[in-house]
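Notes to accompany the following structure.
The values are calculated or read from the model by the stated rules, or taken from the named source; none is laboratory data. Since the structure is predicted, the reported quantities are computational estimates derived from the model, not experimental observations. All Cβ positions, glycine included, derive from the backbone under ideal geometry; neighbour counts span all protein chains shown.
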Amino acid sequence: MVMLAALLTLHALFFAPLLVRAAVQRRARATAGLSSAVHVAERRGALLALTVHGAALLLLYLGIFIAVLGGHWLTPQTPTALAGLTMVAAAAAMVTWTARVFTSWRLRPEVDAGHRLCTSGPFSLVRHPIYAALDALAVGTALCVPTAPVLAAAVLLVLGGWLRARLEERVLLEAFGDSYRAYQRRVPRRFVPGLW
């Protein structure tokens, strides 16, 4: 049960900065009177990517629940499980770092008037640190709970992040043009420095 508590605590630490940042941004947008985005990803692609991510998260937590009920839980002494917990902790740290520097997080790929391109903090390492962190959360969880539903959820979360990143990059190219192209050259990887 210590392993489960640690994993779920790290998951809560992962999502807390995103929820806080989203609430702060929603309030700031309402105060500033920003009601509609200037640049928005095409609706069908955005809906597909959000659906994949949402379904994957649901499957991930359902898989954890089923594993716990079925007793398919690795003990804390398992090196694979400890590596998984380390990945989830790193993912939570990455999201916290990202939330400190990123002022424009949204569920849909969109850019409001006055939006500034963020290239500092974790954005100087990879172009999509939130999706990279979500990938690490999924893979780390799969290492802790290597059951079919959790493994499938991890694959779907990586796929969903890839789809969302591609959509966001189209919107950012439309909104920022040459500035975003220069950023892509400076930071060539979407998710993992030097790899992907």
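Please return the ranges of helices (runs of 4 or more DSSP H) entirely within the range 78-191 where 3 or more residues are surrounded by 18 or more Cβ atoms within 10 Å (Cβ to Cβ) and either of a type in the set (Phe, Trp, Tyr) or touching a Pro at 6+ places or on another chain (Cβ under 6 Å) (or both).
79-101, 148-176
Out of Asp112, Asp178, I need the residue that is over 20 Å from Leu50 (Cα atoms) and of a type in the set (Asp, Glu). Which one?
Asp178
Determine if the range 83-101 includes at least one residue that is on the phi < 0 side of the Ramachandran plot and free of Cβ contacts under 8 Å to residues at least 12 places away in the same chain.
yes
Given the options Leu7, Leu13, Leu18, name the one that is closer than 25 Å to Leu143 by Cβ, modelled with pLDDT of 90 or more, buried (at least 17 other Cβ atoms within 10 Å of the Cβ) and not hydroxyl-bearing (Ser, Thr, Tyr).
Leu7
Please go through the range 65-109 and pick out each residue that is β-branched (Val, Ile, Thr), within 19 Å of Pro17 (Cα to Cα) and modelled with pLDDT of 80 or more.
If the condition is that a residue be β-branched (Val, Ile, Thr), within 19 Å of Pro17 (Cα to Cα) and modelled with pLDDT of 80 or more, then Thr86, Val88, Val95, Thr96, Thr98, Val101 are the ones that fit.
Conditions first: (1) without any contact (Cβ under 8 Å) to a residue 60 or more places away in the chain; (2) more than 16 Å from Met94 (Cβ to Cβ). Ala136 passes all but one, so which condition is the exception?
Only one criterion is unmet by Ala136, namely (2).
Which of (1) under 19 Å from Phe14 (Cα atoms); (2) at pLDDT below 95; (3) acidic (Asp, Glu) is the odd one out, the single condition Asp112 does not satisfy?
Asp112 satisfies every listed condition except (1).
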